[in-house]
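> Dropping the structure in here first, questions after.
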Amino acid sequence: MSNTPLNHLQDFNITAFQNDLIGWFSREQRDLPWRKDKDAYKVWVSEIMLQQTRVDTVIPYFERFMEKFPTIDDLALADEESVLKAWEGLGYYSRVRNLHSAVKEVRELYGGMVPDSPAEISRLKGVGPYTAGAILSIAYSKAEPAVDGNVMRVLSRILSIWEDIAKPSVRKVFEEAVRALISHENPSHFNQALMELGALICTPTSPSCLLCPVREHCHAFEEGTTGELPVKTRKKSTRHVDLIAGVLKNDEGKILIHKRPQNGLLANLWEFPNVEKNTIISPRTTLKGYLSDEYKADTKIETGSFTSIDHVFSHLTWNIEVFAGTLQGDVEETDTVKLVTPDELTEYAFPVSHQKMWRAYQALQLEMPS
DNA sequence: CACACGTGGAC
DNA sequence: TGTCCAAGTGT
């Protein structure tokens with residue numbers, strides 16, 4: 001009987017747990033910008049931004065985003081360019097393209113009202129099981145589970161659940177636990193309290209158990225296993241890709257930029273022309289050939305690369321050798337190829353890797369004027 | 001299911 | 001320096 005994952009729900013004082021948890025949250029919750037009211041749109045935006053992203057990182061983005069797109073209509077009617085620009089540097093850019101698309105759908109299908117049923121809200125792009133539960137509970141006070149990494153860590157300790165939380169199927173175990181534990185009187189605070197506890201007290205390493213408001217309910221604390229829970233298998237290492245990039249200026253001082261494909265890594269963001277390194281041909285020759293093929297550009301490339309950028313993604317790393325050069329003839333501008341002045345560059349959304357390139361290039365210009 | 005998908009901070 | 005992240009979702 002003791003080897004089923006949720007067996008500790010049997011002897012669990014649910015009401016006392018809810019009171020201790022929610023009471024603590026009411027006293028200790030952080031003052032965060034998305035907690036000023038429970039407007040479903042604001043809750044939605046904040047939840048998307050917070051996916052795999054730290055609170056401290058999100059705060060300034062959330063403030064700027066709400067200033068720029070205060071309502072669902074404002075976001076729905078905005079250009080994707082400006083939406084991506086508002087997300088620049090936050091990462092996981094498909095989040096905001098999905099949000100933009102879903103907001104348009106809410107405007108057209110539901111008259112701008114975020115739906116309040118699990119079935120309808122889950123149909124929106126970018127709204128998975130966690131986000132659906134978070135919006136439904138926080139904005140609409142529905143008793144739905146919102147199981148994220150915090151909740152799995154906290155509950156794995158409290159209920160001594162030894163399932164591997166890296167396995168997708170295991171989330172359902174924790175949803176079942178939350179359905180058993182959630183306060184129907186205040187599901188919003190219950191869900192948020194579980195996450196807040198994970199963020200402030202029940203942290204991945206060295207949790208502050210002596211400050212924990214639900215210590216008395218915690219099996220891992222009692223058994224001294226907080227250091228072993230949750231069980232989480234680690235993922236495989238990342239692969240390496242070597243790139244060659246060029247910052248090319250024409251005789252008017254304009255820079256050649258290129259829009260990335262609409263799918264895959266950094267989709268629809270802008271970049272400086274780049275190509276994967278060839279094992280045989282020299283970087284400079286490879287780049288010149290690529291620019292000639294791709295943009296019909298006749299270029300003069302400086303002899304040595306002026307900087308080398310190492311950029312680490314979640315699943316791969318780039319090493320980019322960056323060359324400076326000049327465009328000799330004309331380049332045809334299209335939807336995905338543009339020549340822009342340095343000032344105009346700030347209107348386009350670039351990945352951080354390419355922002356690093358541009359800063360290095362500007363530093364170079366300062367060293368060697370004209 | 002396993003993997004793609006960003007970034008900056010902590011230890 | 002390397003490893004693991006931090007309020008996950010789409011395919």
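> Identify all residues within the range A:104-120 that are outside any helix (DSSP H, G or I) and β-branched (Val, Ile, Thr); write none if there are none.
Hit for the range A:104-120 is A:Val114, nothing else.
> Given the conditions (1) of a type in the set (A, V, I, L, M, F, W, C); (2) farther than 20 Å from A:Asp37 by Cα; (3) touching a residue at least 60 places away in the same chain (Cβ under 8 Å), which single one is not true for A:Val170?
Only one criterion is unmet by A:Val170, namely (3).
> For the structure I just gave you, tell me whether A:Val106 is within 13 Å of DNA strand C (Cβ to nearest atom) and touching a residue at least 24 places away in the same chain (Cβ under 8 Å).
The answer is no for A:Val106.
> To continue, here is another question. I need a count of the residues in the range A:13-59 that are more than 9 Å from DNA strand C (Cβ to nearest atom) and without any contact (Cβ under 8 Å) to a residue 12 or more places away in the chain.
Summing the residues that are more than 9 Å from DNA strand C (Cβ to nearest atom) and without any contact (Cβ under 8 Å) to a residue 12 or more places away in the chain in the range A:13-59 gives 7.
> Looking at the range A:271-309 only, could you name the residues that are within 31 Å of the chain's Cα centre (by Cα) and of a type outside the set (Phe, Trp, Tyr)?
Residues satisfying the conditions are A:Glu271, A:Pro273, A:Asn274, A:Val275, A:Glu276, A:Lys277, A:Thr307, A:Ser308, A:Ile309.
> Find the residue count for the range A:215-240, including only residues that are within 12 Å of DNA strand C (Cβ to nearest atom) and part of a loop (DSSP other than H, G, I, E, B).
9
> Within the range A:241-262, identify whether any single residue is assigned to a helix (DSSP H, G or I) and either farther than 29 Å from A:Val55 by Cα or within 14 Å of DNA strand B (Cβ to nearest atom) (or both), and answer yes or no.
No - not one qualifying residue is present in the range A:241-262.
> Assuming A:Val337 fulfils every condition listed in (1) within 28 Å of A:Asp79 (Cβ to Cβ); (2) out of contact with any strand residue (DSSP E or B) (no Cβ under 9 Å at 6 or more places or on another chain); (3) among the β-branched types (Val, Ile, Thr) apart from one, which condition is it?
The number of the failed condition is (2).
> Next question, about the same structure. When both residues are 6+ apart or on different chains and their Cβ atoms are under 8 Å apart, which pairs have a first residue that lies in the range A:298-320 and is within 22 Å of A:Leu265 (Cβ to Cβ) and loosely packed, with under 14 Cβ neighbours inside 10 Å, and a second that is among the charged types (D, E, K, R) and modelled with pLDDT of 95 or more?
What qualifies is A:Ser308/A:Glu321.
To keep it simple, each residue is scored yes or no on (1) basic (Lys, Arg); (2) modelled with pLDDT under 95; (3) within 23 Å of A:Leu50 (Cα to Cα).
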position: A:Asn150; (1), (2), (3): no, no, yes
position: A:Val154; (1), (2), (3): no, no, yes
position: A:Leu159; (1), (2), (3): no, no, no
position: A:Pro168; (1), (2), (3): no, yes, yes
position: A:Glu175; (1), (2), (3): no, no, yes
position: A:Leu181; (1), (2), (3): no, no, no
position: A:Glu185; (1), (2), (3): no, no, no
position: A:His189; (1), (2), (3): no, no, yes
position: A:Leu194; (1), (2), (3): no, no, yes
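> Something else about it: Consider the range A:341-356. How many of its residues are surrounded by fewer than 18 Cβ atoms within 10 Å (Cβ to Cβ) and in contact with a strand residue (DSSP E or B) (Cβ under 6 Å, 6 or more places away or on another chain)?
Summing the residues that are surrounded by fewer than 18 Cβ atoms within 10 Å (Cβ to Cβ) and in contact with a strand residue (DSSP E or B) (Cβ under 6 Å, 6 or more places away or on another chain) in the range A:341-356 gives 1.
> From the list A:Leu366, A:Leu339, which one is assigned to a strand (DSSP E or B) and either at pLDDT 95 or above or farther than 23 Å from A:Arg284 by Cβ (or both)?
From the options A:Leu366, A:Leu339, the qualifying one is A:Leu339.
> So which residues in the range A:270-294 are crowded, with 19+ Cβ neighbours inside 10 Å and in contact with an Asp or Glu (Cβ under 8 Å, 6 or more places away or on another chain), if there are any at all?
Hits for the range A:270-294 are A:Pro273, A:Pro283.
> Which one of these is without any contact (Cβ under 8 Å) to a residue 24 or more places away in the chain and of a type outside the set (Ser, Thr, Tyr): A:Leu181, A:Leu136, A:Leu159?
A:Leu136
The values are calculated or read from the model by the stated rules, or taken from the named source; none is laboratory data. These figures come from a predicted structure and were not determined experimentally. Cβ sites come from the backbone with ideal geometry, for glycine too, and all protein chains shown count toward neighbours.
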